[in-house]
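Accompanying notes for the structure given below.
Values in this text are rule-based calculations from the coordinates and carry no lab data. This one's a predicted model, so the numbers in the text were calculated from it and none came from an experiment. So basically every Cβ, Gly included, is an ideal-geometry build from the backbone, and we count neighbours across all protein chains shown.
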Amino acid sequence: MPRKFIESFGNALRGLIFAFRTQRNLSIHILVAISVVYIALLLQISLLEMIVLILVISLVIVLELINTAIEEVVNMLTLIRKMRAMVAKDVAAGAVLVASISSVIIGLMIFLPKIIDIYLRILK
């Protein structure tokens, strides 16, 4: 493998480790993601449903990583323009919030019918 590629991979891994160690929300998102995949496996959801879940989980985590990068850059520049810097951080956090809410809705759309079906079978 070319040396540049290996260096890039190392840089990316270092960034992920930094984000995981310093960002509480990222740790929460990862814990929720693992729980959701576990529940999905228990409920034996379809391949398409699993693909959708993995995509929305990935979207939330990627946006959280982008949010972290923006926050780090903005924190370096806040001495210059504090108000504009705060807007950038808030907008990035808003993107994570929108993706998180969408993920919850999609998760409910996938899981709720299966959970209701199990509940109704138990009642019979």
Close pairs from segment 1-25: first under 20 Å from SER100 (Cα atoms) and free of Cβ contacts under 8 Å to residues at least 60 places away in the same chain, partner of a type in the set (A, V, I, L, M) and not in a loop (DSSP other than H, G, I, E, B), Cβ under 7 Å, at least 6 apart: ALA19/LEU26; ALA19/LEU65; PHE20/LEU26
Members of segment 89-123 found to be touching a Leu at 6+ places or on another chain (Cβ under 9 Å) and among the basic types (Lys, Arg), listed by number: LYS114
Members of segment 94-124 that are exposed (fewer than 11 other Cβ atoms within 10 Å of the Cβ) and among the hydroxyl-bearing types (Ser, Thr, Tyr): TYR119
Residues within segment 87-117 that are in contact (Cβ under 8 Å) with a residue 12 or more places away in the chain and either of a type in the set (A, V, I, L, M, F, W, C) or farther than 20 Å from LEU55 by Cβ (or both), tallied: 11
Residue among ILE30, ILE45 that is among the hydrophobic types (A, V, I, L, M, F, W, C) and either part of a helix (DSSP H, G or I) or at positive phi (or both): ILE30
Unmet requirement for SER46, which otherwise passes all of (1) within 16 Å of ILE106 (Cα to Cα); (2) within 13 Å of the chain's Cα centre (by Cα): (2)
